[in-house]
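The values are calculated or read from the model by the stated rules, or taken from the named source; none is laboratory data. All of these numbers come straight from a predicted model, not from anything done at the bench. Heads up, the Cβs are rebuilt from the backbone with ideal geometry, glycines too, and the neighbour counts pull from every protein chain shown.
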């Protein structure tokens, strides 16, 4: 069984060849520890500085505000737990939403067990959090708001600028999980007005195991996530993953330049899928708001379960993801689909197609044809 | 033992019943043999056996 069409780019992306090539010297020859004081450490130290600058520039931040981590999960954990522990004497209330990634949700439930009080904001049918709900949830003991920038399941782009403003005008630290957004849509720290932002390299054509957390220099209310050496200005101990960081810098620089071009292309691929399914009279809905990540499609079908559709597509060489998982007794709808109150006629039949820069028009046509054929055969069963 | 609803092959074992339910619907009462199911899904019989192993590793109770 071989995957011929990869359409699960929200899960991970194929690393850019330039990003792989750029990292190889740091595995083969320039293996020095950037913290050391001899010649072999000079190049790793310099490249670390250069990449920090490159990444900062891609999101309009300052280099000293970029902290390298092992990826989005660590960045989210650090932002949430680090802030909670640092500000515990000021309050124990944290606000997030019901549609966050599990790295955020599970960090919050961990804190709940330690006595923190968490408010999970609802979303509307487009997966959007409202400023009104955020304002109503704020309390005198609120210390942190964490809301996702672009949802990983349905692609909805939150109005982070306004939500962060509400938080800021109340003096509350604001974190955004931008793992799906960075490298895919313009992300400008100045315009967003957030205090912390998480990103992960493998979501924008870098390699796995590396990411970063932006922490505004105006904020110093976070405790270090790892204890040990003085790396990352004493905030994140551990010898730096130089090779991974180099690959991340190159990948981000490459892909930030392609954002507009990719948006046009990916929108065309989305249109091919939607028009073919509509033309074939397939009973489906598209989830999420109009303002969504390019190439991200959460589709819910009537009469077929998402996981069944995923496996059938897999047998046809097509890799997508699902918004529901079944066992022999029941089918569980994802927390995001549930929070959006998607009609149960469709909710169980949810899949996520996430196109990336390597996908072609032919891929979109083949995926649409495969779905049409599976749905048609499925109808015949009953 | 159920028979294949397409070619009539009999002795469809629990794994074959399980993969039919997993790929078509858990509510079906008519099943395909491996060859007919592979045809139906546009796959090979080997692909289906690979899937069965994956489902078993995941602990899917349809194969127990």
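Computed quantities for the displayed model
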quantity	calculated
Residue within the stretch A:217-237 that is part of a helix (DSSP H, G or I) and either within 15 Å of residue A:96 (Cβ to Cβ) or under 16 Å from the mean Cα position of the chain (by Cα) (or both) present	no
Number of the exception - residue B:34 against (1) within 23 Å of residue A:2 (Cα to Cα); (2) more than 9 Å from chain A (Cβ to nearest Cβ); (3) touching a helix residue (DSSP H, G or I) at 6+ places or on another chain (Cβ under 8 Å); (4) touching a residue at least 24 places away in the same chain (Cβ under 8 Å)	(4)
Boolean, residue A:369 is free of Cβ contacts under 8 Å to residues at least 12 places away in the same chain, within 14 Å of another protein chain (Cβ to nearest Cβ), surrounded by fewer than 23 Cβ atoms within 10 Å (Cβ to Cβ) and part of a helix (DSSP H, G or I)	no
Flag if residue A:37 is over 18 Å from the mean Cα position of the chain (by Cα) and either buried (at least 19 other Cβ atoms within 10 Å of the Cβ) or modelled with pLDDT under 95 (or both)	yes
In the stretch A:153-186, the residues that are part of a loop (DSSP other than H, G, I, E, B) and touching a helix residue (DSSP H, G or I) at 6+ places or on another chain (Cβ under 8 Å)	A:153, A:154, A:159, A:179, A:180, A:183, A:184, A:186
The lone exception for residue A:133 - which of (1) free of Cβ contacts under 8 Å to residues at least 60 places away in the same chain; (2) under 22 Å from residue A:225 (Cβ atoms); (3) over 16 Å from the mean Cα position of the chain (by Cα) it fails	(2)
Which listed residue, of A:308, A:312, A:352, A:292, is within 14 Å of chain B (Cβ to nearest Cβ), at pLDDT 95 or above and either in contact with a strand residue (DSSP E or B) (Cβ under 6 Å, 6 or more places away or on another chain) or closer than 28 Å to residue B:49 by Cα (or both)	A:312
Candidate set: the stretch B:9-31, residues that are under 16 Å from residue A:316 (Cβ atoms) and part of a helix (DSSP H, G or I); chosen: the one farthest from the other protein chains (Cβ to nearest Cβ)	B:19
Hey, residue A:95 in contact with a strand residue (DSSP E or B) (Cβ under 9 Å, 6 or more places away or on another chain) and farther than 30 Å from residue A:205 by Cβ or not	yes
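Each row is one residue, and each column tells you yes or no for (1) at pLDDT below 95; (2) assigned to a helix (DSSP H, G or I); (3) closer than 27 Å to residue A:184 by Cβ.
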{"residue": "A:19", "(1), (2), (3)": "no, yes, yes"}
{"residue": "A:30", "(1), (2), (3)": "yes, no, no"}
{"residue": "A:41", "(1), (2), (3)": "yes, yes, no"}
{"residue": "A:85", "(1), (2), (3)": "no, yes, no"}
{"residue": "A:107", "(1), (2), (3)": "no, yes, yes"}
{"residue": "A:112", "(1), (2), (3)": "no, yes, no"}
